[in-house]
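Below: one structure, written as structure tokens.
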Amino acid sequence: WDKSSLAKINLYIKPGMAFGTGHHESTWLMLYQMLKNIKFRTKILDLGTGSGILSIAANLLGAIKVDAIENDLDCKKNFFENLKLNNIEKGISFYVDDVLKWKDFNYDVILANINRNILEKLIPNLVNTKSIIILSGLLASDYGRMKKLITKYGFIITEFSKKGDWICLVLKYDK
């Protein structure tokens, strides 16, 4: 890719107990796709936010609204520490909830860097969304299984990226 065309941001993370320091391949892949897909003043849903790295990156890229969903209450303190480290006071809302019970998918971009088992259950919930969906937390060996499921529910893969053994898929609903 042409590095000069991508935004440059500085993002600070205190990992704490939450997953997501930016060093894992799946996080790197998500950030790479976010740089390409998040535009100024977009609305973002971050499912399984953990340390908040993707929510913070979205905010720094100019998102007007970010809703961050996490079911692990232990992540909450770390999430807010990371907001403070990045001098973010508004634009991101944190919700303690099960991503599989979340019902509102009216966003420009939906982020989910979660394990395959949860993503498989999440895909049917996303039917009819107009959002760009960016998924990772997937191994390259998961691709065939995920592609079959994605196609079954009417989505198309618009982009595929790989780093090490990990992949990231960008989807659009196509029905």
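The values are calculated or read from the model by the stated rules, or taken from the named source; none is laboratory data. Here the structure is a predicted model, which means the values were calculated and not measured. We place every Cβ from the backbone using ideal geometry, glycine too, and count neighbours over all the protein chains shown. Surface accessibility is based on the protein's heavy atoms, side chains included, excluding ligands, DNA and RNA. Shrake-Rupley method; radii C 1.70, N 1.55, O 1.52, S 1.80 Å.
General observations
- Coarse-grained scattering of the chain at q = 0.13, 0.14, 0.18 Å⁻¹, given as base-10 log I(q)/I(0) from a Debye sum over alpha-carbon atoms: -0.58, -0.68, -1.18
- Protein heavy-atom accessible surface, 1.4 Å probe, per residue over the chain: 52 Å².
- Highest mean packing first, where packing is the average number of other Cβ atoms within 10 Å per residue, the peptides 65-72, 152-159, 113-120 line up as 65-72, 113-120, 152-159.
- Percent accessible area from carbon and sulfur atoms, the chain, protein chains only, probe 1.4 Å: 51 percent
- From phi via Karplus (6.51, -1.76, 1.60), per-residue ³J(HN,Hα) for segment 50-65 in Hz, x at Gly/Pro: x, 6, x, 4, 6, 5, 5, 4, 4, 4, 5, 7, x, 4, 7, 8
- When only alpha carbons are used to place a centre, segment 20-75 and segment 132-173 end up 17 Å from one another.
- Taking 0.36 nm per residue of separation and subtracting the current Cα-Cα distance, fully stretching the chain between Leu100 and Ile9 would add 29.7 nm.
- Normalised by the number of residues in segment 126-175, the mean separation of alpha-carbon contacts (under 8 Å, six or more apart) gives a relative contact order of 49 percent.
- Relative to the current alpha-carbon distance between Lys172 and Thr158, full extension at 0.36 nm per residue lengthens the span by 4.4 nm.
- In sequence order, calculated HN-Hα J values of segment 135-149 (Karplus, 6.51, -1.76, 1.60; Hz; x Gly/Pro): 10, 8, x, 10, 7, 3, 5, 7, 4, x, 5, 5, 4, 4, 5
- Across segment 128-163, the residues whose backbone nitrogen lies under 14 Å from the label position 7 Å along the beta-carbon direction of Glu120 are 138-139, 141-150.
- For the peptides 24-30, 137-143, 168-174, 102-108, the ranking by packing is 24-30, 168-174, 137-143, 102-108, with the highest mean count of neighbouring Cβ atoms within 10 Å listed first.
- Residue separation of Ser93 and Ile64 scaled by 0.36 nm, minus their Cα-Cα distance, works out to 9.3 nm of gained length.
- Listed residue (Ile56, Ile134, Ser26) projecting farthest to the positive dipole end of the chain, Cβ model: Ile134
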